[in-house]
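Everything below concerns the one structure shown next.
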Amino acid sequence: MDDIINKIIEFRDARDWKQFHNAKDLVISLTLEAGELLENFQWKSSDQAVDANFDNIRDELADVLIYSLMLAHDLEIDIKSAILNKLEKNEKKYPIEKFKGTSKKYTEAE
Ligand SMILES: [Mg+2]
């Protein structure tokens, strides 16, 4: 993970783009990239979209993650721990015995 983050930051620093990368604009950018990812699926079934646009889906997914990792880096969020902590919270919110095989949200379960 650190290698990838360092590579992203090197890419940015070589272009002197940090000056444009406040937290708000990074969140806007990652949301726009998520929109570009979503665009691959518009008017198609999931399978059709993946078949037709696989390379583009891969690139846009990478863009989303690049901006996400940059934001985590700049806010000094250890993204690996953040993910592990969030998975732990999700495990409590969605215990296997209650949620296995169901798409219900935790607010919908009895
Ligand atoms: Mg893009």
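Taking K and R as +1 and D and E as -1, what net charge do the other residues with C-beta under 15 Å from the C-beta of residue 28 add up to? That sum, taken over residues with Cβ under 15 Å, equals -4.
Sequence-ordered 3J(HN,Hα) estimates for segment 19-29 from the Karplus curve with 6.51, -1.76 and 1.60 and θ = phi - 60° stand at 4, 9, 9, 7, 4, 4, 6, 5, 5, 4, 5 Hz, glycine and proline given as x. Within the set of other residues whose C-beta is less than 10 Å from the C-beta of residue 67, count the net charge using Lys and Arg as +1 and Asp and Glu as -1. Computed value for this residue: -3. Helical content alone sets the calculated 222 nm signal of the chain at -23500 deg cm²/dmol, taking -39,500 (n - 2.57) per DSSP H segment of four or more residues and averaging over every residue. Subtracting the Cα-Cα distance of residue 108 and residue 54 from their residue separation scaled by 0.36 nm leaves 16.0 nm. In plain terms, the C-alpha convex hull of the chain casts an average shadow of 9.5 nm² when viewed from every direction. For the chain, the longest principal axis of the alpha carbon atoms and the long axis of helix 2-14 meet at an angle near 40°. In order along segment 31-38, the phi-based Karplus estimate (6.51 cos²θ - 1.76 cosθ + 1.60, θ = phi - 60°) of 3J(HN,Hα) comes to 5, 5, 5, 5, x, 5, 4, 4 Hz; Gly and Pro are listed as x.
Every read-out reported here was derived from the displayed coordinates using simple, explicitly stated rules and does not represent laboratory data. Here the structure is a predicted model, which is why all the values come from computation and not from measurement. Positions of Cβ are backbone-derived with ideal geometry, glycine not excepted, and every protein chain shown enters the neighbour counts.
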